[in-house]
Amino acid sequence: MRTDSSPGNLPAREHLPAGSAGTPVLDVVIPVYNEEKDLQPCVVRLHEHLKRTFPYAFRITVADNASTDTTPQVAARLESEIPEVRSFRLEQKGRGRALRTVWSASDAPILAYMDVDLSTDLNALLPLVAPLISGHSDLAIGSRLARSSRVVRGAKREFISRTYNLILRGSLQARFSDAQCGFKAIRRDVAQVLLPLIEDTGWFFDTEMLVLAERAGLRIHEVPVDWVDDPNSTVHIVKTATDDLKGVWRVGRALATGSLPLDRLARPFGDDPRDRDLTDVPKGLARQLVGFCVVGVLSTLFYLLLYSGFRSFSGSQIANALALLVSAVANTAANRRLTFGVRGRGSAVRHQAQGLVVFGIGLALTSGSLAALNAATSSPAHSTELAVLIAANLAATVLRFLLFRAWVFPDRRDETEASTVVASHHPSSHNPSSPTYGTTTAAHQQHPQQLPHQQHPHTPLPQRPNATAPQAPYTNYDHNQTNEFRAGEAADRTWGDATMQLQAVRPHDHDPRDTRDAR
């Protein structure tokens with residue numbers, strides 16, 4: 001499958017509309033393990049900040065993953081005292097496991113998390129989630145390594161953090177600046193598709209999520225943060241670094257073999273509704289040309305080395321045929337994966353067979369050039385032979401690209417989009433496990449007339465409720481007690497889907513309560 005042309009499962013990003021007034025727009029998760037001392041000050045401070053600065057309904061969720069101290073009791077007390085606080089209890093350790101479980105069960109359209117030590121200045125929270133609410137971005141991360149960030153921490157942690165990010169850039173071609181800052185957010189529609197692809201349940205969870213999202217072409221927004229190191233951090237640096245390097249190797253191998261179905265995360269061209277009416281848009285031509293040229297240069301050097309080696313014990317025609325055959329197989333495989341983004345083993349044999357046809361055309365061009373040179377002079381110099389072959393290969397390269405693009409690896413986006421449209425009208429399209437999932441709950445499917453946003457499709461975002469107003473609970477959530485469940489339940493989608501159905505915000509939409517004169 002090709003990640004740059006498949007329409008995938010994700011719809012175009014829209015500005016978040018309002019669902020019911022009781023549904024929080026933002027769910028901030030605080031994963032904790034044995035944090036009985038820091039948990040209450042953290043939650044109280046975060047809650048006060050959100051009440052004072054965040055203009056929409058919110059929720060704070062404490063995700064306790066197998067604490068052995070009094071952390072569960074502290075979380076339960078906070079839940080009973082503060083209406084916007086919820087607590088989850090998992091019986092297995094792992095920050096990634098806690099985030100996956102709570103995010104999978106949450107009904108908020110924006111999901112975020114931060115570390116319990118609140119090392120990051122909370123003033124960065126609204127800039128973090130604003131691009132997700134507006135529909136501009138898919139994920140957002142705080143960055144301690146941006147130029148405008150202000151960071152206070154020891155030289156050891158600074159060195160480890162920068163070294164780790166350099167490793168990510170060198171091995172996984174990551175372009176985001178800070179993978180480990182405990183300050184991130186994601187749209188729920190993206191999380192539904194991205195989380196099942198993430199294997200790690202520990203500290204590498206963040207990195208794996210960002211790498212997969214970036215490779216799939218999702219938009220990651222970075223926010224410079226002010227950050228003060230917590231000297232009492234309980235993170236085991238050596239073990240965490242070792243696990244992270246193992247994760248880098250695992251993800252890098254999966255990306256190299258094309259075993260990850262990243263096309264599920266692809267978005268259609270043009271997130272602005274006006275762009276979706278465009279026709280005849282070039283589909284990755286510039287990028288394909290660059291990739292083809294790079295592969296072509298490397299293939300030509302490989303071919304010349306092979307030709308020189310074969311020429312030492314055979315004639316020019318045999319050496320040319322053998323060198324071109326070997327380099328053609330390598331060239332087709334490299335262009336298939338790198339230039340045209342075709343992943344997996346599907347149709348690999350057919351592509352190689354078509355590539356051999358293209359090879360035959362190149363062989364005819366180069367062999368004809370050698371035959372013409374031998375007819376012109378009986379014993380041409382080796383340098384002359386190479387010059388003639390380079391010129392012939394340049395001509396064959398142009399023809400090869402055209403044939404690859406139009407015949408071997410044609411862009412089938414239009415056909416895929418048509419099949420996706422048909423599938424979206426099938427009843428199974430509302431199943432979250434189906435390739436083109438819907439975002440309507442089962443109850444809403446049976447009683448669509450009960451959906452308030454269908455009666456008023458362009459209402460404002462829900463404002464923060466009164467402190468005494470009850471918050472919308474999680475699916476199957478009992479307000480009177482702390483939830484306990486297996487960590488894999490939510491990821492396996494054994495619970496109901498409670499996603500809000502989102503509507504586009506049109507240019508003429510306005511708040512009826514706004515009495516200002518239009519100017």
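Numbers at a glance
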{"quantity": "Residue in segment 332-355 that is outside any helix (DSSP H, G or I), modelled with pLDDT under 85 and of a type in the set (Lys, Arg) present", "calculated": "yes"}
{"quantity": "Candidate set: segment 295-325, residues that are of a type in the set (Val, Ile, Thr) and in contact (Cβ under 8 Å) with a residue 24 or more places away in the chain; chosen: the one surrounded by the most Cβ atoms within 10 Å (Cβ to Cβ)", "calculated": "295"}
{"quantity": "Residue 196, sole failed condition from (1) closer than 17 Å to residue 262 by Cβ; (2) touching a Lys or Arg at 6+ places or on another chain (Cβ under 9 Å); (3) surrounded by 23 or more Cβ atoms within 10 Å (Cβ to Cβ); (4) at pLDDT 90 or above", "calculated": "(3)"}
{"quantity": "Residue selected from segment 356-383 under the condition at pLDDT below 85 and among the β-branched types (Val, Ile, Thr), by the criterion surrounded by the most Cβ atoms within 10 Å (Cβ to Cβ)", "calculated": "366"}
{"quantity": "Residue 386 open to solvent by 30 Å² or more (accessible area, probe 1.4 Å), within 30 Å of residue 260 (Cβ to Cβ), in a helix (DSSP H, G or I) and not polar (S, T, N, Q)", "calculated": "no"}
{"quantity": "Residue 155 open to solvent by less than 40 Å² (accessible area, probe 1.4 Å) and at negative phi", "calculated": "no"}
{"quantity": "Cβ-Cβ under 7 Å pairs, at least 6 apart or on other chains, segment 147-158 side closer than 13 Å to residue 181 by Cα, far side assigned to a loop (DSSP other than H, G, I, E, B) and modelled with pLDDT of 85 or more", "calculated": "149/225; 151/144"}
{"quantity": "Selection from segment 221-243 of residues that are modelled with pLDDT of 85 or more and surrounded by 15 or more Cβ atoms within 10 Å (Cβ to Cβ)", "calculated": "221, 222, 223, 224, 225, 226"}
{"quantity": "Verdict on residue 218 being open to solvent by less than 20 Å² (accessible area, probe 1.4 Å), in a helix (DSSP H, G or I) and within 25 Å of residue 59 (Cβ to Cβ)", "calculated": "no"}
{"quantity": "Qualifying residue in segment 268-282 (condition: open to solvent by less than 50 Å² (accessible area, probe 1.4 Å) and modelled with pLDDT of 85 or more)", "calculated": "no"}
{"quantity": "Matching residues in segment 54-78 - criterion: being surrounded by fewer than 22 Cβ atoms within 10 Å (Cβ to Cβ) and over 29 Å from the mean Cα position of the chain (by Cα)", "calculated": "67, 68, 69, 70, 72, 73, 76, 77, 78"}
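The values are calculated or read from the model by the stated rules, or taken from the named source; none is laboratory data. Predicted model only: the values in this text are computed from it and were never measured. Every residue, glycine as well, gets a Cβ built from its backbone with ideal geometry; the counts of neighbours run over all protein chains shown. For the accessible areas, the whole protein counts, side chains as well, though only heavy atoms, and no ligand, DNA or RNA atoms are used. Shrake-Rupley method; radii C 1.70, N 1.55, O 1.52, S 1.80 Å.
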